[in-house]
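Have a look at the structure below, then the notes.
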Amino acid sequence: MQIPDTFAVLITAAGRGTRAGSGLPKQWRALAGESVLSRTIKAFHGFSRIILTLHPEDMARGLREFGGAVTLIAGGGTRSESVRAGLESLAGSGVTHVLIHDGARPLVSPEVIAGVVTALQEGARAAAPALAVTDALWRAEDGKVTGTADREGLYRAQTPQGFALDAILAAHRAAPEGAADDVELARRAGLVVTVTEGSETNLKLTWPQDFARAEKILEQDMSITDIRLGNGFDVHAFGPGTHLWLCGVQIAHDKGLVGHSDADVGMHALTDAIYGALAEGDIGRHFPPSDAKWKGADSSIFLKHAVDLAAEKGFRLANADVTLICEFPKIGPHASAMQQRLAEIMGLEPDRISVKATTSERLGFTGRSEGIASIATATLVIG
């Protein structure tokens with residue numbers, strides 16, 4: 001679904017997760033080859049603004065791994081303090097609604113997220129996913145059953161819990177002592193909370209055995225995942241100019257690149273790779289060069305369109321690889337900036353994007369410095 005720009009996500013990951021066993025805090029542990037926190041952030045790829053609260057000791061790592069993709073906020077001593085810090089950072093930003101999610105719930109599905117967003121769009125001031133309790137409930141003491149409890153009307157709470165920003169921020173400001181979760185604070189403040197559909201796979205990683213369960217869920221998901229690969233190739237000749245654009249970065253040069261748009265050969269190849277994976281043709285189909293309105297256009301428009309089209313079809317970009325083929329200019333000094341810029345445009349972590357260069361050993365038109373070529377590969381997966 002299309003997420004409004006006025007909706008933000010606040011992911012809490014400032015805890016130490018001691019119940020999950022020794023070693024790294026649970027949010028930084030590997031889950032099927034990728035950190036828990038990376039998977040959690042990726043689940044919200046359709047949101048334009050993501051706030052991540054981290055323990056102060058983890059801020060440097062967070063900047064390395066997620067810088068440019070999320071906004072980092074130092075968390076407090078409790079979950080409520082961390083949430084409030086994140087909410088305060090959104091005050092006055094134009095954000096109207098916020099989804100608050102546990103960083104240790106990396107398997108939250110698009111359907112669960114969409115349920116909360118839809119409830120808020122339809123007028124709810126607070127909404128949260130939950131599952132009805134179906135098991136019998138006992139009370140026990142010293143390992144022995146001492147009684148039973150009525151399960152009627154009981155639910156297991158999950159996240160993300162969504163709210164009108166002004167309402168949940170006011171609730172936090174009015175209750176500095178905090179609460180078990182944000183729904184409890186919302187109800188204290190008089191908010192009516194709409195229950196949306198939760199999921200059995202939206203588990204919170206709490207105990208060591210939870211990781212094994214999550215691995216099995218991911219294995220099952222991968223067995224039915226639709227994986228698409230696409231490649232793109234583009235060429236632009238050198239012409240008069242004092243600079244050129246490559247992968248969204250302006251580079252000073254004694255020549256420019258000739259093209260109807262800004263002639264960003266790297267971004268064009270990558271855009272075509274995504275279109276190719278979707279079986280959606282190429283840039284020319286979606287942005288005809290015969291249309292004067294695209295003359296001199298910023299190629300990020302094309303790339304963003306391809307990424308958004310993938311999302312509309314239910315796909316997300318898993319990784320991208322771009323190779324620039326030229327003798328000059330030298331790409332190495334600019335590769336990191338290109339990686340960061342492409343990450344910003346596509347809403348990906350920078351470590352999912354590769355930008356590199358090679359020469360053609362002075363053979364052909366690139367070897368004669370007559371222009372630049374680029375090849376790119378993109379991988380799309382469902383969800």
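Report, ordered by chain and residue number, the lysines lying within cross-link reach of K295, taken as a straight Cα distance under 22 Å and ignoring same-chain residues fewer than 8 apart.
Cα-Cα hits under 22 Å: K255, K304.
What range in the chain is the longest one free of GluC sites (Glu not before Pro) that are in a loop by DSSP and have at most 11 other Cβ atoms within 10 angstrom?
So the longest stretch without any such site is 201-360.
If you wrap the chain's Cα atoms in a convex hull and average its projection over all directions, what's the area in nm²?
Directional mean of the projected Cα hull area for the chain stands at 22.8 nm².
Can you tell me what share of the DSSP beta bridges in the chain is antiparallel? A percent to the nearest 5 is fine.
If we restrict to bridges inside the chain, about 60 percent are antiparallel.
Using only the Cα atoms of the stretch 227-382, what are the Rg and Dmax in Å?
That works out to 14.7, 44 Å for Rg and Dmax.
For the stretch 56-165, would you read off the P(r) tail past 19 Å as a percentage of all alpha carbon pairs?
62
Assigning unit charges at the beta carbon (Lys, Arg +1; Asp, Glu -1) and nothing else, what dipole magnitude in debye, to the nearest 20, does the stretch 7-223 show about its Cα centre?
Using Cβ point charges on Lys, Arg, Asp and Glu, the stretch 7-223 gives about 380 debye.
By its C-alpha gyration tensor, with a ≥ b ≥ c as the square roots of the eigenvalues, how is the stretch 7-223 shaped: rounded for a/c under 1.5, else prolate for a/b larger than b/c, else oblate?
rounded
So what's the back-of-envelope 222 nm ellipticity for the chain, counting only DSSP H runs of four-plus at -39500 (n - 2.57) apiece and dividing by all residues, rounded to 500? Each step should come with its number before you reach the end.
On the way: 12 runs with 118 residues, N = 383.
The per-residue figure over the chain is -9000 deg cm²/dmol.
Of V265, A320, G103, which is farthest on the positive side of the dipole of the chain, counting Cα position, with +1 on Lys and Arg Cβ, -1 on Asp and Glu Cβ, and the Cα centre as origin?
Checked the options; the winner is G103.
Give me L169, L246, L380 sorted ascending by neighbouring Cβ count inside 10 Å, so fewest comes first.
Least crowded to most crowded, the residues run L169, L380, L246.
Based on Cβ point charges of +1 for Lys and Arg and -1 for Asp and Glu, what charge dipole magnitude is obtained for the chain about its Cα centre, in debye rounded to the nearest 20? List each step's numbers first, then the result.
Working: 37 positive and 45 negative charges, 103 e Å.
Here the chain has a charge dipole of around 500 debye.
Pairs of alpha-carbon atoms within less than 8 angstrom and 6+ residues apart define the contacts here; what relative contact order does the chain have, in percent? Spell out each step's value before the answer.
Numbers: 807 pairs, mean separation 61.0, N = 383.
Contact order relative to length: 16 percent.
To the nearest 0.05, what FRET efficiency results for A132 and M1 with a Förster distance of 25 Å applied to their C-beta separation? Walk me through the numbers on the way to the answer.
On the way: r = 24 Å, r/R0 = 0.98.
Once rounded, the FRET efficiency stands at 0.55.
What is the Cα centroid distance between the stretch 258-337 and the stretch 184-200, reported in whole angstrom?
With the stretch 258-337 and the stretch 184-200 each reduced to a Cα centre, they are spaced 42 Å.
For a test of the definition: using alpha carbon positions, the gyration tensor, and the 1.5 limit on a/c, classify the stretch 142-223 as rounded, prolate or oblate.
oblate
Between the stretch 109-167 and the stretch 60-98, what is the C-alpha centre distance in whole Å?
A separation of 24 Å, based on Cα centres.
Sort K144, K216, K304 so the one with the fewest other Cβ atoms within 10 Å of its own Cβ comes first.
Placing the least packed residue first, the sequence is K144, K216, K304.
How many nm separate the modelled label positions at E88 and S360, each set 7 Å beyond the Cα in the direction of the Cβ?
5.8
What is the distance, in nm, between label points placed 7 Å from the Cα along the Cα-to-Cβ direction at D254 and at A237?
Once both label points are built, they end up 2.0 nm from each other.
Straight distance only, please: which lysines reach the Cα of K144 with their own Cα at less than 30 Å, same-chain residues fewer than 8 apart left out?
Output for K144: K204.
All of the numbers you see were taken from the coordinates with simple rules; none came from a lab. This is a predicted model, so every value here is computed, not measured. A quick note on method: Cβ atoms are made from the backbone with ideal geometry, for glycine too, and the neighbour counts reach across all protein chains shown.
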